[in-house]
Every structure is written in C-alpha cells, then in structure tokens.
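The values are calculated or read from the model by the stated rules, or taken from the named source; none is laboratory data. Since this is a predicted model, take the numbers as computed values, not measurements. So basically every Cβ, Gly included, is an ideal-geometry build from the backbone, and we count neighbours across all protein chains shown.
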Amino acid sequence: MTQNRRESAAVVALAGYTPGMKTAVSVPDDVFDSAERLARREGRSRSEVYSAALREYVARHSPDEVTETLNRVVSDVGGAIDPFVDQASTRILEKTAW
C-alpha cells in the first residue's frame, strides 16, 4: 500500500467510515432483498454480509483453497479406502457419461 493510500485509509478510519476498498456493484433485486434480510437477522451491516459472501465465493473458487479443504477432510476422516466403497464408486464412475 502506498504512503498516500495508507494516510487516506487512516483518515477514513478516523472519520468513522469502514476501512477498506469501496466499490459499487449491481445485484438483482431478489439477491439484494435476501442480503438485506440476512443482515438484519444477524445484526450485521450490508458491507459485512457482502464481504463475507465474496470472501467465501473466492475461497470456494480458488484451486489452492479447494485442495487444502479436501486435504483437511481426508486427514480428518483418514485415508484408508474401504474396499466396498472403492468397488461401488468404480462401478458408478464407469457408468457415468463424462
């Protein structure tokens, strides 16, 4: 972050505004309404709801995040392959049109 940008962010923070990048986006009315209800229900600001949603979306679509999550799940449940599950999944995969 450049010095001027840091100073601007500090001034904005002191002025009572939320620090961070401000941007404008267009969303369909139904998405906006749902986000508004969620924000009210959880006692969060609209910015918090949109930031959390975008953070989750980016994480779900980041190959590294997906790989790390899958590795964590495999580690948690163990890496042993059940022979029945292995055979059943192989049969299903062979029948599936890719």
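Give me the pairs, please: first residue somewhere in segment 42-59 and among the hydrophobic types (A, V, I, L, M, F, W, C) and in a helix (DSSP H, G or I), second residue anywhere and at pLDDT 95 or above and surrounded by 13 or more Cβ atoms within 10 Å (Cβ to Cβ), beta-carbon distance under 6 Å, and either six or more positions apart or on two chains.
Sorted first by the residue in segment 42-59, then by its partner, the pairs are Val49/Ala35; Val49/Leu38; Val49/Ala39.
Give segment 60-98 a look and list any residue that's among the small types (Gly, Ala, Ser) and either exposed (fewer than 10 other Cβ atoms within 10 Å of the Cβ) or not in a helix (DSSP H, G or I) (or both), or say none. Working first, answer last.
Filtering segment 60-98 for residues among the small types (Gly, Ala, Ser) gives 62, 75, 78-80, 88-89, 97.
Matches in segment 60-98: Ser62, Ser75, Gly78, Gly79, Ala80, Ala97.
Test Ser34 against the stated conditions and say whether it is in contact (Cβ under 8 Å) with a residue 24 or more places away in the chain, within 19 Å of the chain's Cα centre (by Cα) and surrounded by 11 or more Cβ atoms within 10 Å (Cβ to Cβ). Please lay out each step first, then the result.
Values: in contact (Cβ under 8 Å) with a residue 24 or more places away in the chain: no; within 19 Å of the chain's Cα centre (by Cα): yes; surrounded by 11 or more Cβ atoms within 10 Å (Cβ to Cβ): yes.
Spelling it out, it is not the case that Ser34 is in contact (Cβ under 8 Å) with a residue 24 or more places away in the chain, within 19 Å of the chain's Cα centre (by Cα) and surrounded by 11 or more Cβ atoms within 10 Å (Cβ to Cβ).
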